[in-house]
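The values are calculated or read from the model by the stated rules, or taken from the named source; none is laboratory data. Computed from a prediction, not measured in an experiment: that's the story for all the values here. Because the Cβ atoms are built from the backbone with ideal geometry, glycine has one as well, and the counts that use them run over all protein chains shown.
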């Protein structure tokens, strides 16, 4: 009788009362009555084993699985069905499972096609979650149990809907797969499968884990609240797998509370390491609080507490990683191999992962791997793209073997020295000069002493420790982890830690070292800093600034120095101290730029910190020439600190910047001045200050728009009044009539945009200049507000300008669709693009790469910046541009929140992201050489609530060759961006092809894009997709079809991007005219 079964209950003399159900693998469940008058349920699982298999290893596999599953008889939980006995009947090729009889409906039958109210769903979810917490925990009374088949058919619910129980534990899958040796096909309900279960090859074992149960639990939540299965429109496993890889878990209905939404997100993180455990979920506000309390919770209270391990993992992800830790753990061996299971390997590997993640190491695991895959993984690691940014490498090798060898799962011998030599400088040049540590712990007979070993360290920076474990010994790995975790040892170097661990362990340790420096495993104290400097406390910033050697360090997604961070926060005293204590000349500290090419002075100007600007003035009091140069240093968009202060409405800093030598009439990459930006934003007080200081209010931009025209387009009447005070001479009449974009003047733009009070004001100003003796008062119909709120057209005019322009552009009619000329107008209205709401854009240009990562500079790509190709292209479409240069991997992790807030996205009409770098199929490379999965980048914006149902445009200028890194890559093309509504994805070349770039003029694709948008595209009537059709043709012609751009669209409406200030409603009216 199995341990944990109930004595006397199981008896072969029982009668079947009735058939209850049949399963998908042929199992039958009967209600039975034993000879002891007990009524229970008996499941009979028929095994696919014939007589020819009796002598094979199939029966051994089945016996092993049955012995494992008998642990279920030890489970005791109110929300888990009771198992009484599990027995293998070899003579009948069946497995009999005697269990508690439950006659309630399954959750699927209970719900049907309806949605459960959140309050009712919470009652059942809390019970299921608590059951999973119990299953996944490991105690002296029970092992950790993975359910493997969480879905509505394996949960039964009481008639009143207030009690749930977990039933089927995937026993049939386990037993049938024991005969098949793997789980490549038999995985249960595919709609509830976690992403990692789709990504294994048919010859590999499925990666079931506790995290897989948590994903299925999250899908269960979706089923209860949405009334349908996740991805119910997908009809087969392939489609479901693609959908999950591209989009992740489906979105909950909008009626769900933010607390439930957060709970669901923690269950369905794409990476299983990011999912919370059942124990952590039980502490979430969704579980511990009542629905009536949800609205009163803060964001921190919604997220709930996290345990120390989770905090360590998150902390490691938020900060640059210190090293890579590879764990080769071989516990199970193939049936044909005459090696027994290696005890304790899994536990040691888990311990290593926890400890080294807490030390900010990236941990990779190779478990029960054959020799071929081990060598492939080592070869891939030799060209690992992250080595350049890592400080060290650690490798643990655990399994059966001796001092010199370890056995792979296929029984092949692998020499320890061959693993060590794989990381010599000749094979892995990026690790040259960095410490490389190897810990081999083998279970088996002892071997020769280290003097007789063939392992010799011919290079510096290596450390090799080998230990042989006998039975019932405390392993060296366990002792080493204990020593590392002991807080009393924080100041010890790695060799001292090894010596302490060896004294605690009873095994024999052979250590060979060629390290020439002390190596500290524990991170520095400041590692607790948040990734974003905006979240640092004043005390943390002060400690960093007062610590010598930090002046040149870079922090956060924007790669800022402490001087920039202190300047942005307005810390005058810290800025002064940093300028005094720097080891380098002050000019070098001040001249440093972040990824937007902004200096510390620019950071202070953006926030309007006049006191900080005074500190810079004092620091340069003996060198005014350098101060003037720095206060006029432009960023990546050509914007000086004065322009940045003006467009951010920082009036307090304007006069101080001018006193420092700032040029009032500097024009940026779009030839906008500080006055122009103030006019666009409606800052009339800023316009008055700038004009009073001597700024020229007449300078036009690259489209010939003046500040007056921008004020008219935005309906900013008070700005027009402010400008009128400086444009009131008789000679200024021509400026009021000056033509700008679309060959229209300020009056025509005001009419077109519906700002009729502004139009009346402009008409009156022109009349007063034409007739100096005439009245100078404004019409009585005007309001006294700051901005024009509409009104009736003067003189009955319905507008002008664009309504009369119907010119045909070269290359096709103005109404061409992406598929060709239209035969009739679409009845689908375009996306609602307002004339006043913002259109946001981010341009990322990665030109240089960290030395030693093996990636060449992108020569010619700077010309795309200096010649302002993309700036002017996207600005002409009404986008506000943010430009970033040479950003690292941490920037992409925080891309959504850099520069724009949730409110910014809520107030935007459209979003555009353009990335230029080297790339591979599905990836681009960051400045630090790290491969960035484009799907992860796009997903940040696709899942942004503020951009829902708004057009999102993604443009990628990069090669799209095949993946080369086995550690992270799966199948070629798998990571292409999939369908998702309201997205337009544009690639400079077709997949698995290169993207050409001229070393002097830049990329063919970006040049073609600029030419088409600026000269061959009618913004007022053409769908944006038609522009990309022209770009494809232009690039193909210029490269003789060697490069073919491609775009994928899930836009559900036409996308027109009229000039800034004009709405799609206005252009539709224009079309009707």
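What the table shows:
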read-out: Residues being in contact with a helix residue (DSSP H, G or I) (Cβ under 8 Å, 6 or more places away or on another chain) and either part of a loop (DSSP other than H, G, I, E, B) or not assigned by TED's automatic domain parsing to the domain that holds residue 494 (or both) - total across segment 391-408; value: 3
read-out: Helices (runs of 4 or more DSSP H) (entirely within segment 206-287) containing at least 2 residues that are at pLDDT below 85; value: 237-247
read-out: One residue from 529, 563, 613 being at pLDDT below 85 and surrounded by 19 or more Cβ atoms within 10 Å (Cβ to Cβ); value: 529
read-out: Residues located in segment 698-718, provided they are buried (at least 24 other Cβ atoms within 10 Å of the Cβ) and either over 10 Å from residue 675 (Cα atoms) or touching a helix residue (DSSP H, G or I) at 6+ places or on another chain (Cβ under 6 Å) (or both); value: 705, 707, 708, 709, 710, 711, 712, 713, 714, 715, 716, 717
read-out: Yes/no for residue 125 being surrounded by 19 or more Cβ atoms within 10 Å (Cβ to Cβ) and either at pLDDT below 90 or not assigned by TED's automatic domain parsing to the domain that holds residue 286 (or both); value: no
read-out: Qualifying positions in segment 486-500 - in contact with a helix residue (DSSP H, G or I) (Cβ under 8 Å, 6 or more places away or on another chain) and either under 18 Å from residue 403 (Cα atoms) or loosely packed, with under 13 Cβ neighbours inside 10 Å (or both); value: 498
read-out: Criterion: part of a helix (DSSP H, G or I), out of contact with any strand residue (DSSP E or B) (no Cβ under 7 Å at 6 or more places or on another chain) and farther than 22 Å from residue 723 by Cα - qualifying residue of 655, 628; value: 628
read-out: Close pairs (6 angstrom Cβ cut-off, 6 or more residues apart or separate chains): more than 18 Å from residue 194 (Cβ to Cβ) in segment 272-292, at pLDDT below 85 and outside any helix (DSSP H, G or I) anywhere; value: 283/304; 283/305; 284/304; 285/297; 285/304
read-out: First in segment 541-552 and loosely packed, with under 14 Cβ neighbours inside 10 Å, second anywhere and at pLDDT below 75, Cβ under 9 Å, 6 or more apart; value: 546/581; 548/581; 548/583; 549/583
read-out: Candidate set: segment 1034-1055, residues that are without any contact (Cβ under 8 Å) to a residue 12 or more places away in the chain and either surrounded by fewer than 16 Cβ atoms within 10 Å (Cβ to Cβ) or assigned to a loop (DSSP other than H, G, I, E, B) (or both); chosen: the one nearest to the chain's Cα centre (by Cα); value: 1041
read-out: Filter result for the condition that a residue is modelled with pLDDT of 85 or more, surrounded by 20 or more Cβ atoms within 10 Å (Cβ to Cβ) and either within 18 Å of residue 952 (Cβ to Cβ) or not assigned by TED's automatic domain parsing to the domain that holds residue 1022 (or both), over 891, 874; value: 874
read-out: Which listed residue, of 973, 978, is out of contact with any helix residue (DSSP H, G or I) (no Cβ under 7 Å at 6 or more places or on another chain), at pLDDT below 85 and closer than 24 Å to residue 196 by Cα; value: 973
read-out: Scan of segment 671-685 for residues that are surrounded by fewer than 21 Cβ atoms within 10 Å (Cβ to Cβ) and under 24 Å from residue 870 (Cβ atoms), ordered by number; value: 671, 681
read-out: Residue match in segment 920-942 (condition: assigned by TED's automatic domain parsing to the domain that holds residue 997, assigned to a loop (DSSP other than H, G, I, E, B) and closer than 18 Å to residue 839 by Cβ); value: no
read-out: From 137, 93, 177, 113, residue being on the phi > 0 side of the Ramachandran plot and at pLDDT below 85; value: 93
read-out: Hey, residue 29 at pLDDT below 80 and over 45 Å from the mean Cα position of the chain (by Cα) or not; value: yes
read-out: Candidates 362, 357, 346 - the one that is touching a helix residue (DSSP H, G or I) at 6+ places or on another chain (Cβ under 9 Å) and in a helix (DSSP H, G or I); value: 357
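Okay, residues lined up against (1) within 37 Å of the chain's Cα centre (by Cα); (2) at positive phi:
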position	(1), (2)
625	no, no
661	no, yes
677	yes, no
686	no, no
